[in-house]
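Let me begin by presenting the structure, written as structure tokens, before commenting on it.
The values are calculated or read from the model by the stated rules, or taken from the named source; none is laboratory data. Keep in mind that what you see is a predicted model, and the values were worked out from it rather than measured. Cβ placement follows ideal geometry from the backbone for every residue including glycine, while neighbour counts extend to all protein chains displayed. We work out accessible area using only protein heavy atoms, side chains counted, and drop any ligands, DNA or RNA first. Shrake-Rupley method; radii C 1.70, N 1.55, O 1.52, S 1.80 Å.
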Amino acid sequence: MVELRLMSSAIRRLHSISKKPLASEVLTCYLLQCKEPPWTSYFVRYSSVEDDQWGLSHFNWPAGNSNYHILRTGCYPFIKYHCSKRPHQDLSLENLLMRIIKITNLCIPCLLYGLAATQLIRHVEEVNTPHGLVNIYFLYPEDKGSLY
């Protein structure tokens, strides 16, 4: 955990030089922009953000008055987020297991998922961040606020 804090601190310093928003900023801004939906699932291009959540696969994320369980994976050329509004839980074991599975599979399924997504994405939305607009991508348009 200490390594993640140190890495996050270094990324924040580098980010002050960069003009791209942090991936975590896009995540928070989108959840707030959608008025804290029950769930959402989207892709963001690696080239559009600074990846400050590298190494995290399953974690809690506060946004506004809500907590979200985030499933996140790098699937080049995207980062995939699946967010579900849920109470805060200790997700460290799940995060570790997801990391082990990805490493064991040499991240090949993640790469294939990203390559497939380039052909399957059918919807784009803009997220307002402090660093400007960022496009996020969906396989299909979501019904904002729906439970499923």
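What the table shows:
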item	result
Test for residue 95: is it in contact with a strand residue (DSSP E or B) (Cβ under 7 Å, 6 or more places away or on another chain) and among the polar types (S, T, N, Q)	yes
Flag for residue 128 being at pLDDT 95 or above, touching a Leu at 6+ places or on another chain (Cβ under 9 Å), in a strand (DSSP E or B) and within 14 Å of residue 28 (Cα to Cα)	no
Only listed residue being in contact (Cβ under 8 Å) with a residue 40 or more places away in the chain and either out of contact with any Ser or Thr (no Cβ under 8 Å at 6 or more places or on another chain) or of a type outside the set (Ser, Thr, Tyr) (or both), chosen from 113, 137	137
Residue in region 98-110 that is touching a residue at least 24 places away in the same chain (Cβ under 8 Å), open to solvent by 80 Å² or more (accessible area, probe 1.4 Å) and part of a helix (DSSP H, G or I) present	yes
Residue 26, sole failed condition from (1) modelled with pLDDT under 95; (2) among the aliphatic types (A, V, I, L, M); (3) buried (at least 18 other Cβ atoms within 10 Å of the Cβ)	(1)
Test: residue in region 44-53 that is in a loop (DSSP other than H, G, I, E, B), under 14 Å from the mean Cα position of the chain (by Cα), within 16 Å of residue 110 (Cβ to Cβ) and at pLDDT below 95	no
Subset of region 59-97 (residues that are open to solvent by 20 Å² or more (accessible area, probe 1.4 Å) and in a loop (DSSP other than H, G, I, E, B))	64, 65, 76, 77, 86, 87, 88, 89, 90
Qualifying positions in region 103-148 - touching a Cys at 6+ places or on another chain (Cβ under 7 Å) and basic (Lys, Arg)	144
Number of positions in region 111-148 that are aromatic (Phe, Trp, Tyr) and open to solvent by 70 Å² or more (accessible area, probe 1.4 Å)	3
